[in-house]
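Colleague: Below is the structure I would like to discuss, written out as structure tokens.
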Amino acid sequence: MTRIVSRLAIGLIAAGFAVGSASAQGTGTLPDYLSAITGTTPQTPAELATRDVLQLNISMFELYDASAKTFQNNIMARHPIILALFSGAGGRMILYRPGKPAEEAPSVPVVYQIMKSTGHSTMAISEVVMPYVGNAADKSWTAPLLAYRTRMKTALDGVDALPIQDDWKPAVKTVLGNNVAFMDDCLAKGVITFEALQAFAKKQAPDIKLIINWAASTQVKHWMGVLDGWRASLGPDWDKVYAAANTIYVARQNNVLFSTLAQYFPPEAINDRLMLIETISFTTTPQEMLTSMVRIISDRSVGALFFGNDRLMDFELMGGDARKTIISEMQRRGKQPFLPPAVPFGSHQWPTLITPGPGATSLDDLK
């Protein structure tokens with residue numbers, strides 16, 4: 001065995017030497033399986049220098065990730081943290097107390113999900129039929145509508161057994177019953193008309209408005225009860241709590257979880273200890289939220305260390321200079337810049353739209 005291995009090693013060395021010699025002479029002497037893939041284009045000094053500097057930024061994130069674990073441990077050892085995360089069940093709230101296991105609050109009562117599912121059922125029908133409005137030749141909507149109609153009828157037949165208030169059941173029955181009737185009408189006629197869809201939506205709106213109200217009130221009352229209990233159990237440590245809720249674009253305004261949390265913090269805590277963190281999906285993990293929160297808090301020390309302002313890094317660092325350039329460039333073009341007023345670092349205003357103006361602000365405002 002030893003002799004075989006030795007011969008193999010000698011062969012590999014010789015092959016390597018042969019390839020190396022061939023490389024020195026040019027790729028023309030290389031075997032076909034190597035000549036197709038060998039050879040490089042030397043980088044210029046400028047390209048090499050650029051690569052080396054850009055690598056510093058990549059390495060910075062690696063170092064940041066390593067330090068973030070230490071930052072997170074230090075913050076969580078000194079401050080209680082509450083995460084409020086969006087979910088299809090009305091949200092999740094998790095309390096992290098220093099030195100203790102995470103405590104996840106009970107879920108919102110299932111009536112919330114029942115109301116939400118009822119309202120979404122009408123939206124789902126609209127999503128199925130809207131692409132085919134006025135298109136009598138295309139029948140591809142019939143199969144999914146038939147399948148959904150079966151599920152709808154089953155749900156309608158079981159409304160009386162739902163664990164919800166008896167005086168809420170008529171509205172649920174009406175919504176589901178109207179859904180079935182509309183689907184039956186579409187299937188019988190074989191076409192989706194705009195007039196029929198508009199009449200369906202108008203008929204459903206009053207009861208959908210009711211169940212939205214019931215779902216929202218159930219959600220808010222539940223979470224306020226949870227926060228009442230946590231505030232009482234934390235006592236004076238409540239004043240050290242950091243809290244964050246996540247949101248996607250459409251849920252920024254009147255964000256239920258953030259707005260509920262805000263009732264338990266003083267106004268000056270907004271954007272300080274109470275944060276609204278924008279994400280790109282409805283749901284995110286607790287660790288992703290913790291990572292984002294820790295980065296915000298730790299970056300404040302960087303702003304204070306380098307520039308003497310611990311809220312500077314809460315904002316786009318280049319935003320101020322970019323703003324000046326936008327203004328000068330627009331003036332150079334003979335136009336007025338379109339920008340919001342400059343907001344001081346550390347602003348405690350709500351992280352959503354707050355400027356009043358004409359127009360509806362809620363379902364109650366709509367005719």
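The values are calculated or read from the model by the stated rules, or taken from the named source; none is laboratory data. The shown structure was predicted, so the numbers you read here are calculated from the model rather than taken from an experiment. Glycine also receives a Cβ, built like all others from the backbone with ideal geometry; neighbour counts cover every protein chain displayed.
Colleague: I need a count of the residues in segment 311-351 that are within 25 Å of ARG78 (Cβ to Cβ) and either free of Cβ contacts under 8 Å to residues at least 24 places away in the same chain or outside the structural domain of PRO267 (by TED's automatic domain parsing) (or both).
Modeller: Summing the residues that are within 25 Å of ARG78 (Cβ to Cβ) and either free of Cβ contacts under 8 Å to residues at least 24 places away in the same chain or outside the structural domain of PRO267 (by TED's automatic domain parsing) (or both) in segment 311-351 gives 1.
Colleague: I would also like to ask the following. Please specify each residue of segment 80-96 satisfying the condition of being surrounded by 17 or more Cβ atoms within 10 Å (Cβ to Cβ) and closer than 16 Å to MET289 by Cα. Before the answer, list the steps.
Modeller: In the first step, residues of segment 80-96 are kept if they are surrounded by 17 or more Cβ atoms within 10 Å (Cβ to Cβ); the result is 80-86, 90-93, 95-96.
Result: PRO80, ILE81, ILE82, LEU83, ALA84, LEU85, PHE86, GLY91, ARG92, MET93, LEU95, TYR96.
Colleague: On the given criteria, is ASP207 in the same structural domain as TYR132 (by TED's automatic domain parsing), surrounded by fewer than 18 Cβ atoms within 10 Å (Cβ to Cβ) and acidic (Asp, Glu)?
Modeller: For ASP207, the condition - in the same structural domain as TYR132 (by TED's automatic domain parsing), surrounded by fewer than 18 Cβ atoms within 10 Å (Cβ to Cβ) and acidic (Asp, Glu) - is not met.
Colleague: Looking at segment 134-164 only, could you name the residues that are touching a residue at least 12 places away in the same chain (Cβ under 8 Å) and under 20 Å from ILE208 (Cβ atoms)?
Modeller: Listed by number, the residues that qualify are LEU145, TYR148, ARG149, MET152, LYS153, ALA155, LEU156, VAL159, LEU162, ILE164.
Colleague: Right, another one. Answer yes or no: is there a residue in segment 242-252 that is in the same structural domain as ILE277 (by TED's automatic domain parsing) and at positive phi.
Modeller: Within segment 242-252 (the criterion being in the same structural domain as ILE277 (by TED's automatic domain parsing) and at positive phi), the answer is no, since none of the residues qualifies.
Colleague: A follow-up question, please. How many residues, within segment 221-246, are within 23 Å of PRO351 (Cα to Cα) and surrounded by 18 or more Cβ atoms within 10 Å (Cβ to Cβ)?
Modeller: 8
Colleague: Under the condition of being surrounded by 15 or more Cβ atoms within 10 Å (Cβ to Cβ) and of a type in the set (A, V, I, L, M, F, W, C), which residue from segment 290-326 is farthest from ASP272 (Cα to Cα)?
Modeller: LEU290
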